[in-house]
Amino acid sequence: MTSTVPVVTDIAYQDLLDDPYPIFSRLRELAPAVFVEAAKLTLVTRFDDITRIERDPATYSADNPTSLVNKVMGPTFMRKDGTEHAIGRKTIEPSFRPATIKEYWAPKFTAIAQALIDDLSAAGEADLFCALAAPMASLSLMAMIGFRAMPWQTLADWSQALIDGAGNYAADSEIERKAMQASADVDAAIDAVLDDHRRHPTPSILSSMVNADPPMPIEDIRANIKVIIGGGLNEPRDAILTLVLGLLQDPAQKDSVLAKPELWPAALEEAVRWISPIGMYPRRVTRDVDLSGIALPEGLQIGLCVGAANRDGNRFAEPDRFDVTRPKQSHLAFGAGPHFCAGTWVSRLTVGKIVVPMLFARLRNLRLRAAAPPVVRGWVFRGPVTLPVRWDA
């Protein structure tokens with residue numbers, strides 16, 4: 001028997017930001033899709049349902065003119081389906097080829113990580129958010145995009161403003177203002193380098209865009225660079241911090257990974273399952289459809305809560321536990337289907353093979369600061385916002 005979407009009115013938006021997992025558990029148990037008044041959105045939280053949705057883009061479309069992503073960033077290829085989406089991905093593909101990543105980007109990312117860890121190694125303590133993860137993600141992305149050198153904080157501020165705007169389901173006017181200002185600033189930074197990339201192509205993303213055949217239109221370049229700045233900075237930043245946090249909270253698992261370096265890739269996959277940096281993204285229902293017994297009407301905007309799906313007890317045993325020895329299972333932290341994250345292999349390389357292994361190798365007896373516990377926040381995007389640590393300098 002098909003039911004209508006239930007409505008939940010007693011969830012505070014701040015509770016979603018502070019700790020969404022008890023809420024996600026409640027929503028999973030309640031129904032396949034639930035309208036949460038605080039988020040002004042119908043949320044889908046079960047692993048199998050989201051997997052089914054991502055395999056059916058004709059019914060559950062990424063193309064949604066009312067999406068906050070479109071409002072803040074413009075019509076990106078991440079919010080398109082079919083041929084339009086495929087063309088956008090193909091345009092940037094040269095920058096993400098395995099050989100390009102290994103031969104061109106890996107040495108650059110390694111040099112950035114070495115410099116950052118060199119700078120903090122003598123201090124004996126730091127907040128890894130601002131001392132390592134944020135600058136690492138920002139400087140790496142700055143290089144990949146092909147921007148002129150700027151303070152890492154500038155790109156990080158743009159990214160935060162854009163993702164705050166894309167997740168501004170509470171309709172906060174100040175968040176919207178900052179997002180639109182960041183959008184204009186990114187446009188100016190793009191315009192400043194396009195002629196350089198036309199004259200002197202590199203493996204950068206902007207070079208791939210302007211030297212494609214045919215070149216990507218300027219409106220699409222601007223929109224797609226913004227979505228890359230949003231997801232491409234916060235995802236590796238938060239994955240770095242989450243992996244470090246998971247290991248430092250469980251010394252036995254940390255010791256196991258340090259003793260067996262071949263476990264680093266599995267540790268990264270477990271970290272982004274445990275706390276998914278990109279926790280929710282929208283889809284639009286294109287026709288009346290039944291989702292596991294719930295009627296979804298044509299035109300409904302739904303939110304796919306992959307952060308909830310990655311802790312679905314029907315998929316993962318002890319889902320709230322960080323466990324690097326967990327049997328290998330696919331997760332949804334990098335998306336699924338045609339919209340599987342284009343930067344997945346870059347993130348796996350940067351986080352799981354360069355930055356975090358180097359951090360533990362260089363900083364002896366790395367540990368959490370008992371007097372300053374880490375803070376994790378968010379639900380549309382989630383990760384540690386502070387990670388104070390100490391080590392033996």
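All of the numbers you see were taken from the coordinates with simple rules; none came from a lab. What you see is a predicted model; the values in this text were computed from it and never measured. With ideal geometry, Cβ positions are generated from the backbone for all residues, glycine too; neighbour counts draw on all protein chains shown.
Quick notes on this one:
- Vicinal HN-Hα couplings computed from phi for the stretch 317-328 (Karplus, 6.51 cos²θ - 1.76 cosθ + 1.60; Hz; Gly/Pro x): 6, 6, x, 7, 9, 6, 8, 6, 8, 4, x, 4
- Cβ-Cβ distance of Ala393 and Asp191, R₀ of 41 Å, FRET efficiency by 1/(1 + (r/R0)^6): the value works out to about 0.40.
- For Phe381, the residues 5 or more places off, or on other chains, whose built amide H falls under 5 Å of its own are Gly279.
- Computed from backbone phi, the HN-Hα couplings of the stretch 94-108 come to x, 6, 10, 5, x, 5, 5, 4, 5, 8, 9, 7, 4, x, 5 Hz, rounded to whole numbers (Karplus: 6.51 cos²θ - 1.76 cosθ + 1.60, θ = phi - 60°; Gly and Pro given as x).
- Amide hydrogen neighbours beyond the local backbone of Val376, cut-off 5 Å, H modeled: Val385
- Quarter of Cα convex hull surface for the stretch 232-293, i.e. mean projection, nm²: 6.7 nm²
- Extension gain from Cys130 to His200, taking 0.36 nm per residue of separation minus the Cα-Cα distance: 21.9 nm
- Net length gained if the chain between Asp290 and Asp250 were fully extended (0.36 nm per residue, minus Cα distance): 10.2 nm
- In this calculation the C-beta distance from Arg177 to Leu17 is compared with R0 = 22 Å, giving a FRET efficiency of 0.65.
- With a cut-off of 17 Å on the backbone N, the residues of the stretch 107-145 near the modelled label site 7 Å out from Leu368 along Cα-Cβ are 126-129.
- Reach of Lys102 by Cα under 16 Å, taken over aspartates and glutamates that are not fewer than 8 positions away in the same chain: Glu93
- For semi-axes √(5λ) of the Cα gyration tensor in Å, the candidate list reads [x] 31, 28, 19; [y] 34, 22, 21; [z] 36, 28, 23; the entry that matches the value derived from this model is [x].
- 10 Å beta-carbon shell around Thr91, net charge (K/R +1, D/E -1): -1
- In nm, spacing of pseudo-spin labels at Ala111 and Thr4 (7 Å Cα→C-beta vector): 6.2 nm
- Per residue, the convex hull spanned by the Cα atoms of the stretch 151-234 measures out at 98 cubic angstrom.
- Entries of Lys40/Lys328; Lys40/Lys353; Lys90/Lys353 with Cα pairs more than 31 Å apart: Lys40/Lys328; Lys40/Lys353
- The HN-Hα couplings worked out from phi for the stretch 352-369 by the Karplus form 6.51 cos²θ - 1.76 cosθ + 1.60 (θ = phi - 60°) are x, 10, 10, 5, 5, x, 5, 4, 5, 6, 8, 9, 6, 6, 4, 8, 6, 8 Hz, whole numbers, x standing for Gly and Pro.
- In nm, spacing of pseudo-spin labels at Glu219 and Asp157 (7 Å Cα→C-beta vector): 3.0 nm
- Whole-angstrom gap from the stretch 256-331 to the stretch 200-231, using each part's C-alpha centre: 29 Å
- Put simply, the amide H of Val5, placed in the peptide plane, has neighbours under 5 Å in Ala295, leaving out anything fewer than 5 places away on its chain.
- FRET efficiency estimate (nearest 0.05) - Cβ-Cβ, Asn211 to Leu258, R0 56 angstrom: 0.85
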